[in-house]
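What follows is a set of notes on a single structure, which appears directly below.
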Amino acid sequence: MHPVLFKIGAFEMRSYGFALAISFLLGIYLAVRRGRKRGIDPEKIMDLSVVIILASIIGARFMYVIFHLDEFAGHWTDTFNPFQSNGQIGIAGLTMLGGVVLAVVCSLLYLRAKKQPILRIADTIIPLFFLGEAITRIGCYLNGCCYGIPCDGPLCVVFPPDSPAGAMYQGIHIHPAQLYSSAYALLVFIIMLVIDRKPKYDGFLLYLFFIFYGVGRFIIDLFRYYESSMILLPLGAKGLSMNQGISLAFIVIGIFLLVRQERRERVGAAPGK
């Protein structure tokens, strides 16, 4: 576990932040390359990338703060100020799904406002989201956050006591939920690249994104630890988390869009149409 890669004064280069930066930079580079093949202006991809980065960070931070209000009581500026009241530089505490939701919404609104081909551009960048998640979740693992619940299987690990995971479960084997997420995201990334060799229609990868992400996040969250504030419904021993509730909504949205478009494709391909 290496939560801090290096430190200069009060500034710390944390593993998660580094992984996040790499995922964004690599994603932008590959998005521009994929966009050229689809006849999309690289500048449009770059502009959209700025929207996605800002929306991702704001959304992830907002969702974290909403469910951890007690943590910021008495020093509310720490919710958005990179110069924290404890002297630390940087913002620690992000909930990825909040960033995903806001990035999707802002991207669609931005592309609509700019009169850009929404579905074609979405299909260009969607596979890269999963590549970015595969990289970022490794940062989560090195940081010891987004950890799993106790287990006794061969894949289970023990985190150091000075990590978030180790502080919660001292000397106890837990699921490496971060690596589960990383492996799943990498698998979906490869699957999407294979599917994209013979795309069915614009928007196909976008609709699959909602389903793939929703299913993966829902299942993996069965093995993740969540504070009581993040539990949406107290079902069973663990309960249904807020993230799982959003994941179910993603699955429903994806299936609805996919079925609707498939029906349109069949009608359009019917004789005499």
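The values are calculated or read from the model by the stated rules, or taken from the named source; none is laboratory data. Nothing here was measured: the structure is a model prediction, and the numbers come from that model. Cβ placement follows ideal geometry from the backbone for every residue including glycine, while neighbour counts extend to all protein chains displayed.
Okay, here's what the table says:
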{"quantity": "So residue 266, is it assigned to a helix (DSSP H, G or I), crowded, with 20+ Cβ neighbours inside 10 Å and of a type in the set (Lys, Arg)", "calculated": "no"}
{"quantity": "The listed residue being part of a loop (DSSP other than H, G, I, E, B), closer than 14 Å to residue 125 by Cα and among the aliphatic types (A, V, I, L, M), out of 40, 28", "calculated": "40"}
{"quantity": "Selected residue [in contact (Cβ under 8 Å) with a residue 24 or more places away in the chain and farther than 15 Å from residue 95 by Cβ] from 255, 246", "calculated": "255"}
{"quantity": "Residues of the stretch 54-82 classified as part of a helix (DSSP H, G or I) and either surrounded by 14 or more Cβ atoms within 10 Å (Cβ to Cβ) or not hydroxyl-bearing (Ser, Thr, Tyr) (or both), total", "calculated": "20"}
{"quantity": "Count of residues meeting criterion [more than 20 Å from residue 71 (Cα to Cα) and assigned to a loop (DSSP other than H, G, I, E, B)] in the stretch 212-243", "calculated": "6"}
{"quantity": "Unique match (being among the hydroxyl-bearing types (Ser, Thr, Tyr) and either under 22 Å from residue 23 (Cα atoms) or touching a residue at least 60 places away in the same chain (Cβ under 8 Å) (or both)) among 169, 201", "calculated": "201"}
{"quantity": "Qualifying residues in the stretch 1-25 (those that are assigned to a helix (DSSP H, G or I) and free of Cβ contacts under 8 Å to residues at least 40 places away in the same chain) - the one surrounded by the fewest Cβ atoms within 10 Å (Cβ to Cβ)", "calculated": "25"}
{"quantity": "Residue match in the stretch 166-187 (condition: part of a loop (DSSP other than H, G, I, E, B), on the phi > 0 side of the Ramachandran plot and within 23 Å of the chain's Cα centre (by Cα))", "calculated": "no"}
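Residues checked against (1) aliphatic (A, V, I, L, M); (2) more than 25 Å from residue 130 (Cβ to Cβ); (3) modelled with pLDDT of 90 or more:
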residue: 250; (1), (2), (3): no, no, yes
residue: 260; (1), (2), (3): no, no, yes
residue: 263; (1), (2), (3): no, yes, yes
residue: 272; (1), (2), (3): no, yes, no
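Matching residues to (1) surrounded by fewer than 21 Cβ atoms within 10 Å (Cβ to Cβ); (2) at pLDDT 95 or above:
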| position | (1), (2) |
| --- | --- |
| 126 | no, yes |
| 146 | no, no |
| 174 | no, yes |
| 184 | no, yes |
| 199 | yes, no |
| 207 | no, yes |
